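Heads up: the structure comes next, in structure tokens.
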Amino acid sequence: MHGYVKVFVWGFEGTAAGFGQMGIPLANVAGPFVGLLELLGGLALIAGLATRWISIPLAVTMLVAIVQVHLPKGFFNPEGIEFPLMLLASTVGLALAGGGALAADNLIAARRSAAPAKPAAAPRAAHA
């Protein structure tokens, strides 16, 4: 949801401006990058695609958000670290454990392992 807002509601310019006001370095690059990462990465997590790989950069963005923005505002919501810390823990957990049995990654892997193997080529006779 946060990625949708960053990309389609605020837009890249608005997101970059907001990141700049929060003191995020390279806001013109970080804002659009994080918006797309949260939008596309969130969709990938919902589908269970590349769960471990997508979770790592999402965890990094949460860590940066906690340190740069939320930590000075205390623990509790609405602006403290409580919710971002939960998102960080969730993404770290997904990075370590993967997406689970119904994740698209596992369904794709199961389909690949169930595919019939190609027959091996017949050995060539040696020429004398």
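Quick one: order Glu13, Glu38 by neighbouring beta-carbon count within 10 Å, fewest to most.
Glu13, Glu38
For region 2-113, take every pair of Cα atoms, bin their distances at 10 Å starting from 0, and report each bin as a whole percent.
Once binned at 10 Å, the Cα pair distances of region 2-113 give 15, 39, 32, 11, 3, 0.
Computed from the coordinates by the stated procedures, all read-outs in this text should not be read as laboratory data. The shown structure was predicted, so the numbers you read here are calculated from the model rather than taken from an experiment. So basically every Cβ, Gly included, is an ideal-geometry build from the backbone, and we count neighbours across all protein chains shown.
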